[in-house]
Structures are given as C-alpha cells and as structure tokens.
Amino acid sequence: MAETREITAEQRALLEEVCKNAGLRLTHQRLEIYRELVAACDHPSAETLHQRLRKRIPTLSLDTVYRTLATLAEQGLIKRVETLESQARFEATSRRHHHLICRKCGKIADFQWPDIDSAALPQEISEWGRIDLKNVVIHGICRNCLEGEEK
C-alpha cells in the first residue's frame, strides 16, 4: 500500500482556495506534491520530490513537479530557498525563520532570530521602497561535515 502523508484540514482548505482563486484545478499531482513538501523537513529539490513521489505516482513527470512548485511558490503556498548551488530547494512552512546552509553537504537548517525580525532597517534601505521580507541565509560547514574532516 502506498504511503500517504496527511495535511491538516486548514492546509488543504488553503490549497483548495488558492487553486480556485488562481483558476486552477486541485489535481491529484498538485495535492501530493504539496503534501510531500509539507511533510518534508529537509528543504527538498524538485528532483528529490520527484523521486519520493514516483513511488506513489509512477506516472508523475519531473516537468509536472517543476511546474507545480513554480505555481505553488507564485501563489505563496511554498517558498523557494535560495542556495549557492544551482538546484532550487523548497519548503512549505509559514512560520518566520532564517536558514543555515552547509557548503559541503548542502543540508539546510531553519533557525529563529527574533532580533533581526524586529530590527529597524537602515535608513538607506528603508528609503529604497517597500520591503516585503527580511531573510537571513548563513552559509558555512555543519557539525557533521566538520567532524568528518577531523577523522
């Protein structure tokens, strides 16, 4: 039997509302891609999502995953995590947070930084225009990779 990842009734209702407002059908593929992303803690790439979902939806194409992720991001249901690598990574969390990214293994970890979230912007930035989001991305080497170097 195929594994099913559940989303909350609120998450499903939000997905349905966003699809309806955008003039999109809530397809099985859209629902499963969103479910998988909501359940993921590792900020997966489109390729990783495709590999995971092919076990449940053998006919799912990588192109469908890419197009669905673009649509969900455009509609504000998911976020694209900017990395130094060429492969985009995605998340479905709505809570305010920032990212730590390992330069060696590519692992992404979330962290909270309330001081940054509440800090006033420098004057020259605040005069630039409207700021919609403050997001800190810190690049370095994670503990696991550092311990691997020591061995």
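The values are calculated or read from the model by the stated rules, or taken from the named source; none is laboratory data. Quantities reported herein were computed from a predicted structural model and do not represent experimental measurements. Every residue, glycine among them, receives a Cβ derived from its backbone with ideal geometry; neighbour counts consider all protein chains shown. Accessible surface areas use protein heavy atoms only, side chains included; no ligands, DNA or RNA. Shrake-Rupley method; radii C 1.70, N 1.55, O 1.52, S 1.80 Å.
General observations
- Point-charge dipole on Cβ atoms (K/R +1, D/E -1) for the chain, about Cα centre, debye to 20: 540 debye
- Averaging the sequence gap over all C-alpha pairs within less than 8 Å and six or more residues apart, then dividing by the number of residues, gives the chain a relative contact order of 18 percent.
- Peptide packing for 94-101, 23-30 was compared via the average number of neighbouring C-beta atoms within 10 Å per residue; ordered from the highest value, the list is 94-101, 23-30.
- Inverse of mean 1/r across different Cα pairs in the chain, Kirkwood, Å: 17.4 Å
- Heavy-atom accessible area per residue - the chain, 1.4 Å, Å²: 66 Å²
- Set LYS55/LYS79; LYS20/LYS79; LYS20/LYS55; LYS104/LYS134 screened for pairs whose C-alpha atoms are more than 22 Å apart: LYS55/LYS79; LYS20/LYS55; LYS104/LYS134
- Extension reserve of the TRP113-ILE125 stretch, reckoned as 0.36 nm per residue once the Cα distance is removed: 2.3 nm
- Which of GLY106, HIS139, LEU31, positive extreme of dipole for the chain (C-beta unit charges): LEU31
- Couplings 3J(HN,Hα) of the range 92-105, computed from phi: 10, 6, 9, 6, 5, 6, 10, 10, 10, 10, 7, 5, 8, 9 Hz, in residue order, whole Hz [Karplus 6.51 cos²θ - 1.76 cosθ + 1.60, θ = phi - 60°; x for Gly and Pro].
- Beta bridges per DSSP with both ends in the chain, % antiparallel, nearest 5: 65 percent
- Solvent-accessible surface (1.4 angstrom probe) belonging to CYS142, in square angstrom, nearest 10: 30 Å²
- For the chain, the carbon plus sulfur part of the accessible surface works out to 50%, probe radius 1.4 Å.
- The order of ARG130, ARG52 by accessible area, most exposed first and with a 1.4 Å probe, is ARG130, ARG52.
- Net length available on complete extension from GLU74 to GLN51 is 6.0 nm, with 0.36 nm assigned per residue and the Cα-Cα distance removed.
- Backbone geometry of the range 56-64 corresponds, through the Karplus equation with coefficients 6.51, -1.76 and 1.60 at θ = phi - 60°, to 3J(HN,Hα) couplings of 9, 10, x, 8, 5, 8, 4, 4, 4 Hz, x marking Gly and Pro.
- Integer Hz, Karplus 6.51/-1.76/1.60 couplings in order for the range 10-23, x for Gly and Pro: 5, 5, 5, 4, 5, 4, 4, 5, 4, 4, 4, 5, 8, x
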